[in-house]
1. When Rg is the radius of gyration of the Cα atoms in the stretch 135-216 and Rh is its Kirkwood radius, what does Rg/Rh come to?
2. Apply the Karplus curve 6.51 cos²θ - 1.76 cosθ + 1.60, θ = phi - 60°, to the phi angles in the stretch 142-154 and return the couplings in whole Hz, x for Gly and Pro.
3. Within the P(r) computed for the stretch 1-108, what percentage of the Cα pairs occupies the region above 19 Å?
4. Using 0.36 nm per residue, how much length does the chain from V30 to E91 gain when fully extended, once their Cα-Cα distance is taken away?
5. Return a whole-number percent for the relative contact order of the stretch 119-216, with Cα pairs under 8 Å and 6 or more residues apart as the contact set.
6. Of the candidates V127, V92, V193, which one comes out as most mobile in a Gaussian network treatment of the chain with C-alpha springs shorter than 10 Å?
7. Output the 0 to 90 degree angle, nearest 10, between the alpha-carbon long axis of helix 43-65 and the longest principal axis computed from the alpha carbons of the chain.
8. Please report, to one decimal in angstroms, the Kirkwood hydrodynamic radius of the chain built from all distinct Cα-Cα pairs.
Amino acid sequence: YWLAEAAAKTASKPAFRQLELKLKKIAALVYATDELLEDASALEAWLMRTVPNELRFNIENAIINGNGVGKPYGIIPSPALISVTRNDAAEVDADDILTMWSRRYAGANDYVWLGNQQIFSQLAQLVVGNMPVFLPAGGLSGLPYSSLLGRPYYDTEYNPTLGEVGDLLLVSPSAYQMIGKSGGIQAASSIHVAFLNDESVFRFVDRVDGAPIWMS
(Lines give C-alpha, C1' and ligand atoms only; values in the text may rest on other atoms or scores of the structure.)
Protein backbone atom coordinates (compact mmCIF):
# COMPACT_ATOMS: atom_id res chain seq x y z
CA TYR A 1 0.00 0.00 0.00
CA TRP A 2 1.02 3.57 -0.63
CA LEU A 3 0.34 5.47 2.57
CA ALA A 4 -0.06 9.06 3.64
CA GLU A 5 1.98 10.24 6.58
CA ALA A 6 0.78 8.62 9.86
CA ALA A 7 -1.88 6.60 8.02
CA ALA A 8 -2.77 3.16 9.37
CA LYS A 9 -1.44 0.10 7.57
CA THR A 10 -3.79 -2.66 6.43
CA ALA A 11 -2.70 -6.22 7.21
CA SER A 12 -2.80 -8.83 4.45
CA LYS A 13 -1.68 -12.42 4.01
CA PRO A 14 -0.29 -14.13 0.91
CA ALA A 15 -2.17 -17.13 -0.45
CA PHE A 16 -0.17 -20.29 -1.10
CA ARG A 17 -0.95 -23.39 -3.12
CA GLN A 18 0.33 -26.74 -1.94
CA LEU A 19 2.25 -28.65 -4.59
CA GLU A 20 2.46 -32.29 -3.56
CA LEU A 21 5.28 -34.30 -5.07
CA LYS A 22 5.76 -37.98 -4.29
CA LEU A 23 8.66 -39.98 -5.66
CA LYS A 24 7.59 -42.12 -8.64
CA LYS A 25 9.57 -45.22 -9.58
CA ILE A 26 10.96 -45.98 -13.02
CA ALA A 27 12.81 -49.22 -13.57
CA ALA A 28 14.37 -51.48 -16.19
CA LEU A 29 15.28 -55.17 -16.12
CA VAL A 30 17.80 -56.76 -18.48
CA TYR A 31 18.33 -60.52 -18.77
CA ALA A 32 21.61 -61.87 -20.13
CA THR A 33 22.70 -65.50 -20.43
CA ASP A 34 25.91 -66.61 -18.79
CA GLU A 35 27.24 -67.56 -22.22
CA LEU A 36 26.57 -64.09 -23.56
CA LEU A 37 28.30 -62.45 -20.60
CA GLU A 38 31.30 -64.77 -21.04
CA ASP A 39 31.58 -64.30 -24.81
CA ALA A 40 30.85 -60.56 -24.92
CA SER A 41 33.18 -59.27 -22.24
CA ALA A 42 32.14 -55.63 -22.72
CA LEU A 43 28.39 -56.34 -22.46
CA GLU A 44 28.06 -55.63 -18.75
CA ALA A 45 29.91 -52.31 -19.08
CA TRP A 46 27.70 -51.45 -22.07
CA LEU A 47 24.54 -52.20 -20.05
CA MET A 48 25.72 -50.08 -17.13
CA ARG A 49 26.23 -47.17 -19.52
CA THR A 50 23.26 -47.57 -21.86
CA VAL A 51 20.31 -48.58 -19.67
CA PRO A 52 20.65 -45.57 -17.30
CA ASN A 53 20.58 -43.34 -20.39
CA GLU A 54 17.27 -44.97 -21.40
CA LEU A 55 15.83 -44.27 -17.94
CA ARG A 56 16.94 -40.64 -18.21
CA PHE A 57 15.30 -40.46 -21.64
CA ASN A 58 11.97 -41.57 -20.15
CA ILE A 59 12.29 -39.13 -17.25
CA GLU A 60 13.05 -36.21 -19.57
CA ASN A 61 10.17 -37.23 -21.83
CA ALA A 62 7.83 -37.20 -18.81
CA ILE A 63 8.96 -33.67 -17.92
CA ILE A 64 7.65 -32.57 -21.33
CA ASN A 65 4.73 -34.96 -21.93
CA GLY A 66 3.94 -36.80 -18.67
CA ASN A 67 0.32 -37.02 -17.52
CA GLY A 68 1.22 -37.17 -13.82
CA VAL A 69 -0.20 -40.68 -13.35
CA GLY A 70 2.65 -42.73 -11.91
CA LYS A 71 5.12 -40.34 -13.52
CA PRO A 72 6.01 -36.62 -13.42
CA TYR A 73 3.46 -34.08 -14.66
CA GLY A 74 4.67 -32.59 -17.91
CA ILE A 75 4.85 -29.11 -19.38
CA ILE A 76 2.60 -29.70 -22.40
CA PRO A 77 -0.37 -31.18 -20.43
CA SER A 78 -0.08 -28.38 -17.84
CA PRO A 79 -2.96 -25.88 -17.59
CA ALA A 80 -0.29 -23.17 -17.44
CA LEU A 81 0.71 -23.82 -21.06
CA ILE A 82 0.01 -20.89 -23.37
CA SER A 83 -0.58 -21.93 -26.98
CA VAL A 84 0.01 -19.46 -29.79
CA THR A 85 -1.86 -20.00 -33.05
CA ARG A 86 0.49 -20.07 -36.01
CA ASN A 87 0.00 -18.27 -39.27
CA ASP A 88 0.53 -21.66 -40.91
CA ALA A 89 0.26 -24.82 -38.78
CA ALA A 90 2.88 -26.63 -40.86
CA GLU A 91 5.39 -23.79 -40.85
CA VAL A 92 7.36 -21.82 -38.27
CA ASP A 93 8.00 -18.20 -39.17
CA ALA A 94 9.59 -15.26 -37.39
CA ASP A 95 6.21 -13.79 -36.48
CA ASP A 96 5.28 -16.98 -34.59
CA ILE A 97 8.49 -16.82 -32.56
CA LEU A 98 8.00 -13.13 -31.75
CA THR A 99 4.40 -13.78 -30.69
CA MET A 100 5.52 -16.61 -28.39
CA TRP A 101 8.14 -14.32 -26.87
CA SER A 102 5.56 -11.57 -26.29
CA ARG A 103 3.31 -14.00 -24.40
CA ARG A 104 6.01 -15.13 -21.95
CA TYR A 105 5.93 -14.34 -18.23
CA ALA A 106 8.36 -11.42 -18.09
CA GLY A 107 9.32 -12.15 -14.47
CA ALA A 108 11.61 -15.03 -15.50
CA ASN A 109 14.99 -14.67 -17.20
CA ASP A 110 16.11 -18.28 -17.71
CA TYR A 111 14.10 -19.15 -20.80
CA VAL A 112 15.20 -21.82 -23.27
CA TRP A 113 13.68 -22.92 -26.56
CA LEU A 114 12.96 -26.63 -27.07
CA GLY A 115 12.03 -27.87 -30.52
CA ASN A 116 11.36 -31.09 -32.36
CA GLN A 117 14.21 -31.92 -34.73
CA GLN A 118 11.86 -31.34 -37.68
CA ILE A 119 11.77 -27.66 -36.69
CA PHE A 120 15.45 -27.19 -37.54
CA SER A 121 14.98 -26.97 -41.30
CA GLN A 122 12.35 -24.28 -40.77
CA LEU A 123 14.55 -22.27 -38.40
CA ALA A 124 17.49 -22.47 -40.78
CA GLN A 125 15.45 -20.66 -43.44
CA LEU A 126 13.95 -17.95 -41.23
CA VAL A 127 14.68 -14.39 -42.28
CA VAL A 128 13.55 -10.95 -41.17
CA GLY A 129 13.88 -8.78 -44.25
CA ASN A 130 17.05 -10.26 -45.74
CA MET A 131 18.70 -11.07 -42.39
CA PRO A 132 18.90 -14.73 -41.31
CA VAL A 133 17.44 -15.46 -37.89
CA PHE A 134 19.16 -18.73 -36.98
CA LEU A 135 22.20 -19.20 -39.20
CA PRO A 136 25.47 -17.24 -38.96
CA ALA A 137 26.65 -14.83 -41.63
CA GLY A 138 28.55 -17.70 -43.32
CA GLY A 139 25.25 -19.45 -43.98
CA LEU A 140 25.25 -23.24 -44.18
CA SER A 141 29.04 -23.38 -44.03
CA GLY A 142 29.02 -22.60 -40.29
CA LEU A 143 27.31 -23.99 -37.24
CA PRO A 144 23.91 -22.41 -36.45
CA TYR A 145 23.84 -19.85 -33.69
CA SER A 146 21.50 -22.21 -31.79
CA SER A 147 19.78 -19.30 -30.09
CA LEU A 148 16.59 -17.34 -30.67
CA LEU A 149 16.15 -13.84 -29.23
CA GLY A 150 19.31 -14.42 -27.20
CA ARG A 151 18.04 -17.59 -25.50
CA PRO A 152 19.49 -21.08 -26.15
CA TYR A 153 17.74 -23.42 -28.58
CA TYR A 154 17.87 -27.22 -28.22
CA ASP A 155 16.63 -29.98 -30.52
CA THR A 156 14.86 -32.69 -28.53
CA GLU A 157 13.18 -36.02 -29.17
CA TYR A 158 10.44 -35.13 -26.69
CA ASN A 159 8.64 -32.33 -28.50
CA PRO A 160 5.71 -33.44 -30.70
CA THR A 161 6.16 -33.48 -34.45
CA LEU A 162 5.88 -30.36 -36.58
CA GLY A 163 2.35 -29.00 -36.66
CA GLU A 164 1.30 -30.34 -33.25
CA VAL A 165 0.99 -28.32 -30.05
CA GLY A 166 4.39 -28.17 -28.37
CA ASP A 167 6.56 -28.81 -31.44
CA LEU A 168 8.32 -25.59 -30.37
CA LEU A 169 8.36 -24.58 -26.70
CA LEU A 170 9.59 -21.53 -24.83
CA VAL A 171 10.24 -22.82 -21.31
CA SER A 172 11.44 -21.34 -18.02
CA PRO A 173 13.18 -24.25 -16.23
CA SER A 174 12.87 -22.51 -12.86
CA ALA A 175 9.07 -22.81 -13.19
CA TYR A 176 9.33 -26.60 -13.05
CA GLN A 177 9.77 -28.21 -9.61
CA MET A 178 11.47 -31.58 -9.46
CA ILE A 179 12.56 -33.96 -6.71
CA GLY A 180 14.67 -37.11 -6.88
CA LYS A 181 16.12 -39.81 -4.69
CA SER A 182 19.64 -39.05 -3.53
CA GLY A 183 22.22 -41.08 -5.39
CA GLY A 184 20.32 -41.08 -8.67
CA ILE A 185 19.90 -44.29 -10.66
CA GLN A 186 20.59 -47.43 -8.61
CA ALA A 187 22.02 -50.46 -10.41
CA ALA A 188 22.21 -54.05 -9.16
CA SER A 189 22.59 -57.54 -10.60
CA SER A 190 21.61 -61.03 -9.51
CA ILE A 191 22.31 -64.60 -10.65
CA HIS A 192 19.43 -66.00 -8.57
CA VAL A 193 16.32 -64.68 -10.35
CA ALA A 194 16.81 -66.96 -13.35
CA PHE A 195 19.39 -69.35 -11.86
CA LEU A 196 17.97 -72.47 -13.55
CA ASN A 197 18.18 -70.78 -16.95
CA ASP A 198 21.80 -69.69 -16.49
CA GLU A 199 20.80 -66.06 -16.77
CA SER A 200 21.88 -62.99 -14.85
CA VAL A 201 19.47 -60.12 -14.28
CA PHE A 202 20.49 -56.48 -14.20
CA ARG A 203 18.11 -54.07 -12.45
CA PHE A 204 18.09 -50.30 -12.76
CA VAL A 205 15.81 -48.12 -10.61
CA ASP A 206 15.32 -44.39 -10.19
CA ARG A 207 12.72 -42.42 -8.24
CA VAL A 208 11.72 -38.90 -9.26
CA ASP A 209 8.73 -36.62 -9.49
CA GLY A 210 8.06 -33.19 -10.89
CA ALA A 211 5.40 -30.72 -11.95
CA PRO A 212 5.10 -27.14 -13.21
CA ILE A 213 4.82 -24.61 -10.38
CA TRP A 214 2.28 -22.52 -12.26
CA MET A 215 -1.28 -23.83 -12.48
CA SER A 216 -2.67 -21.18 -14.81
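1. Taking Rg over the Kirkwood Rh, I get 1.20.
2. With the stated coefficients, the stretch 142-154 comes to x, 5, x, 5, 6, 8, 10, 6, x, 10, x, 10, 10 Hz.
3. On the way: 4185 of 5778 pairs.
When all Cα pairs of the stretch 1-108 are counted, 72 percent exceed 19 Å.
4. Numbers: separation 61, 0.36 × 61 = 21.96 nm, distance 4.17 nm.
Extending this stretch completely gives an extra 17.8 nm.
5. On the way: 100 pairs, mean separation 17.5, N = 98.
Computed over the stretch 119-216, the figure is 18 percent.
6. V193
7. Its long axis makes an angle of about 30 degrees.
8. On the way: mean 1/r = 0.0474 Å⁻¹.
One decimal place: 21.1 Å for the Kirkwood radius.
The values are calculated or read from the model by the stated rules, or taken from the named source; none is laboratory data. These figures come from a predicted structure and were not determined experimentally. No Cβ is skipped: glycine too gets one built from the backbone with ideal geometry, and neighbour counts run over all protein chains shown. SASA here: full protein model, heavy atoms, side chains in, ligands and nucleic acids out. Shrake-Rupley method; radii C 1.70, N 1.55, O 1.52, S 1.80 Å.
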